[in-house]
Amino acid sequence: MTKTTTSSLVAAGFLAAMSLGSTAVAAPASHGGNAVRASGGCSSSAVWKLKAKPDNGALEVEFEVDSNANGQVWKVRLKDNGDRFFAGKRTTAGPSGSFSVQQSTANRGGNDVIRARAVHGDEICRGTLTV
């Protein structure tokens, strides 16, 4: 295989994985602090970002979805180790056509697995990270 063919196949594989809503690997924040971040693509064209950091004995969680379309109503759910700590609706707004949810949850002993899910019509965004 040529280098161009290999690069094209790698790029195609990455795009296919992103279109299926696969999650990116969480990594410590580059701006300091103890935040953990993850991001990825949704089932169509939207993208998501998920962040969690310790805050006074709790975990501060932020989930953002950017669809580049204003006025979309999304059903959102956040879970910590399987226990739901947020469920509600959010509407995308300008200028970027995005929404975010900021919510705190208990910082449990050991690892906290944070899962976020947002649904608008047929589009689904799913994100996971471990703190």
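If I take every Cα pair under 8 Å that is 6 or more residues apart in region 60-131, average their sequence separation and divide by the length, what percent do I get for the relative contact order? Can you show the working numbers first?
On the way: 160 pairs, mean separation 25.2, N = 72.
Across region 60-131, relative contact order equals 35 percent.
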Would you mind counting up the charge near residue 41? Only other residues with Cβ under 13 Å from its Cβ, with Lys and Arg at +1 and Asp and Glu at -1. 0
Provide the convex hull volume over Cα atoms per residue for region 68-119, in Å³. 77
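Tally Lys/Arg at +1 and Asp/Glu at -1 over every other residue whose Cβ is under 14 Å from the Cβ of residue 123; what's the total? Don't skip to the answer; put the middle values down first.
On the way: positive: 75, 90, 117, 126; negative: 66, 122.
Here the count lands on +2.
Each value in this text was obtained by applying a stated rule to the coordinates, not by laboratory testing. On a predicted model such as this, the values are computed, not experimentally measured, just so you know. Every residue, glycine as well, gets a Cβ built from its backbone with ideal geometry; the counts of neighbours run over all protein chains shown.
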